[in-house]
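Chemist: Mind having a look at this structure? Questions to follow.
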Amino acid sequence: MVRIIPMASSIRPSLSSFRFSGGVPSTRFGVSLSPFHLPRRLLFSHLGSTVPQLQFFGLKASKLLRAEGSRVGTPLVGNVVQASTAAAEETALEWVKKDKRRMLHVVYRVGDLDRTIKFYTECLGMKLLRKRDIPEERYTNAFLGYGPEDSHFVIELTYNYGIDKYDIGTAFGHFGIAVEDVAKTVELIKAKGGKVTREPGPVKGGSTVIAFIEDPDGYKFELLERGPTPEPLCQVMLRVGDLGRSINFYEKAFGMELLRTRDNPEYKYTIAMMGYGPEDKNAVLELTYNYGVTDYDKGNAYAQIAIGTDDVYKTAEAVKLFGGKITREPGPLPGINTKITACLDPDGWKTVFVDNIDFLKELE
């Protein structure tokens, strides 16, 4: 039996009929097709599946196609994808820099909520701002800090029913608190039974007077001697495996500013201070790289930092563009309707972005 094959003009090629090599498509039968022989519909299909972020940041694939189509003799699809990705990143960078972002709170787990609240209020001078109990999910939160949540960086403690101990691991470093007199603060902490792990004195390689203490769960706090500041809870220190990679990520995906770096070759570590404003007025992220160490044990005690944003949807797309991993797609939380999105940085540190307007409503 002889099969009659329809005329070529009546065949409607699908994307699966083509192979892409170096941006130039060819058929399954090895026949090369120049970009200008490829149907525009197929070009749009291929482009759209490759860079969905374009539409989100307001970029039109058709404009890029027209621009690339004027370059006779270039591999159109590959060039369009490359150009569109670069354009999407540039647009995302502009938006991230304009977004109204602020570090809202840091979240971690403790084994005895009342004991920790007592230590923070009596020894560290914090105020208990609010508590909330969620019995159906078997946990309680307590928020503590040096000022109201709508204008200050605060601590969110989490107590999970029946769990009295956690593993802090080796990746988490410490929290920083600015005080006017480190020595007096240390004496008070000692009088209350607190644990001092580093007596007051100048920081290694510098002149700032510091001391280190531990709370009842073993979390370390660095006391830094400073003048009056609007943000006493001033640092969260995390260890990272590649400092350059982390700085690049936090600048682009999170819109943070690199405030300063300090290398200490004698002690084999480098730090980078990053945040949304100067250290003396804002909470900052202190990233620490220890020479030659690329991986750490994160344990199960420290949870995340929360950051405010004007748009969790655009934030999620920007995080994806610059190498972050979205662990919770943007959208409202069940029950309270606060919009959030959660992500991981290249080292696996978790951050939750919270809609600014929803956050203020939640505080009400």
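The values are calculated or read from the model by the stated rules, or taken from the named source; none is laboratory data. These figures come from a predicted structure and were not determined experimentally. Because the Cβ atoms are built from the backbone with ideal geometry, glycine has one as well, and the counts that use them run over all protein chains shown. Areas reflect the complete protein model, heavy atoms only, side chains present, ligands, DNA and RNA absent. Shrake-Rupley method; radii C 1.70, N 1.55, O 1.52, S 1.80 Å.
Chemist: How much net charge surrounds Y291 when only the other residues with a Cβ under 13 Å from the Cβ of Y291 are counted, with Lys and Arg +1 and Asp and Glu -1?
Modeler: -1
Chemist: Suppose all protein chains stay in the model; what accessible area per residue would a 1.4 Å probe give for region 208-356, in Å²? Numbers along the way, then the final one.
Modeler: Values: 5820 Å² over 149 residues.
Roughly 39 Å² per residue, with all protein chains present.
Chemist: Quick one: Karplus J couplings for region 140-155, per residue in order, coefficients 6.51, -1.76, 1.60, θ = phi - 60°, nearest Hz, x for Gly and Pro?
Modeler: Calculated HN-Hα couplings, in order: 10, 10, 9, 10, 10, x, 10, x, x, 5, 6, 9, 10, 7, 10, 9 Hz.
Chemist: Round to a whole number: what % of the accessible area of region 88-363 belongs to carbon and sulfur, probe 1.4 Å?
Modeler: Details: 6100 of 12320 Å².
Its accessible area is 49 percent carbon and sulfur atoms.
Chemist: Taking R0 as 22 Å, what's the FRET efficiency between N248 and T170 from their Cβ-Cβ distance, rounded to 0.05?
Modeler: On the way: r = 24 Å, r/R0 = 1.08.
With R0 = 22 Å, the Cβ-Cβ based efficiency is 0.40.
Chemist: Pop a pseudo-label 7 angstrom from the Cα along the beta-carbon direction at both N300 and V196 and give the gap in nm to one decimal.
Modeler: Distance between the two pseudo-spin positions: 3.5 nm.
Chemist: Quick check: from the Cα gyration tensor, does region 88-363 come out rounded (a/c under 1.5), prolate or oblate? It would help to have the intermediate numbers written out before the result.
Modeler: Details: a/c = 1.60, a/b = 1.16, b/c = 1.38.
Here region 88-363 falls in the oblate category.
Chemist: For a 22 Å ceiling on Cα separation, which of these pairs sit above it: K320/K350; K204/K350; K131/K190; K281/K339?
Modeler: Working: K320/K350 14 Å; K204/K350 30 Å; K131/K190 27 Å; K281/K339 27 Å.
The answer is K204/K350; K131/K190; K281/K339.
Chemist: Calculate I(q)/I(0) for region 322-364 by the Debye formula, one identical point scatterer on each C-alpha and no solvent, and give its log10 at q = 0.19, 0.28, 0.34 Å⁻¹ to two decimals.
Modeler: Log10 of I(q)/I(0), two decimals: -0.59, -0.93, -1.13.
Chemist: Measure off 7 Å from each Cα along the Cα-to-Cβ vector at R132 and K98, then give the distance between these two points in nanometres to one decimal.
Modeler: 3.1
Chemist: I've got another one for you. Around G308, what is the net charge, scoring Lys/Arg as +1 and Asp/Glu as -1 over all other residues with Cβ under 12 Å from its Cβ?
Modeler: Details: positive: K100, R101, R102, K339; negative: D99, E149, D150, D310, D311, D355, D358, E362.
Net of charged neighbours comes to -4.
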